[in-house]
Amino acid sequence: MGYCQVKQSKQGQRGFSMVEVAVTLAVLGILMASAMPSMGAWMVNARIRNTAESIQEGLQKARAEAVRRNQNVTFWMVTTADPKVLSDDCTTSATGGSWVVSLTDPTSKCSVAPSTTTAPQTVAARPIGDGGSGVTVSAKQRDGIAVATSITFNAFGQVANAGPIGQIQVNDGTTGDDHRKYKIVISSGGRTLVCDEAVISTTDPRFCPAS
């Protein structure tokens, strides 16, 4: 084979490879474009799930500490100017999403480090902005109507305050079927359960029981 023929053959192979790359990139672009909506929903659902699990963790922490310390411990829902920071501008709020576990009211004291002596004697705390940005939270009493901002556990791990939080809805405020709508249910005995309000089958372990 002559030099020109070899050169033309190599050029043809190079051109074919470039075409393959172009086609591959085009197909990849189409696949990525079609996957973007579901990927976006997945990211939102992850934040919703993280927030629900964080709140459940706080509730379980409050209950466990009440039993361990043999005294009342309260889980408080709070809100701050910056959802990523627990600062002293905090106030109790049924829709705040951030939470503090402490012995006394943490209003204006949310930045205080965990302590057994310094008010509000914080046990643990977490801002909603820590993995839950854009998530909507709504805490209510067991009837699902009256709002609530706290729940106190006694030394037996049972609910001890009047008008306690009985359920907490966690979602992103949309009505899309591909977005999760979690609810945390707290029994009078103090146990917590995270369920999915979109599940209608009573045999599904994700089903939300009546409050």
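Derivation of every value follows stated rules applied to the coordinates shown; laboratory data play no part. Just so it is clear, the model here is predicted, and its values are computed rather than measured. Cβ: placed from backbone, ideal geometry, glycine included. Neighbour counts: every protein chain shown.
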Checklist entry - Out of all the residues in region 70-104, which are more than 22 Å from the chain's Cα centre (by Cα) and touching a residue at least 40 places away in the same chain (Cβ under 8 Å)? => result Asn70, Gln71, Asn72, Val73
Checklist entry - Give me the pairs: first residue in region 149-165 and free of Cβ contacts under 8 Å to residues at least 40 places away in the same chain, second residue hydrophobic (A, V, I, L, M, F, W, C), beta-carbon distance under 7 Å, and six or more apart or on different chains, which are they? => result Val159/Ile151; Val159/Phe153; Gly163/Ala146; Gly163/Ala148; Pro164/Ala148; Pro164/Ile151
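For region 100-148, what are the residues that are in a loop (DSSP other than H, G, I, E, B) and among the β-branched types (Val, Ile, Thr)?
Thr104, Thr107, Val112, Thr116, Thr117, Thr118, Ile128, Val135, Ile145
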Item to check | Where Val170 falls short, out of the listed (1) assigned to a loop (DSSP other than H, G, I, E, B); (2) in contact with a Ser or Thr (Cβ under 6 Å, 6 or more places away or on another chain); (3) surrounded by 17 or more Cβ atoms within 10 Å (Cβ to Cβ) | outcome: (1)
Next on the checklist: I'd like to know if region 199-210 contains one or more residues that are more than 19 Å from the chain's Cα centre (by Cα), outside any strand (DSSP E or B), touching a residue at least 12 places away in the same chain (Cβ under 8 Å) and farther than 17 Å from Glu65 by Cα.
Outcome noted: yes
Checklist entry - When region 134-163 is examined, which residues are found to be over 18 Å from the mean Cα position of the chain (by Cα) and among the basic types (Lys, Arg)? => result Arg142
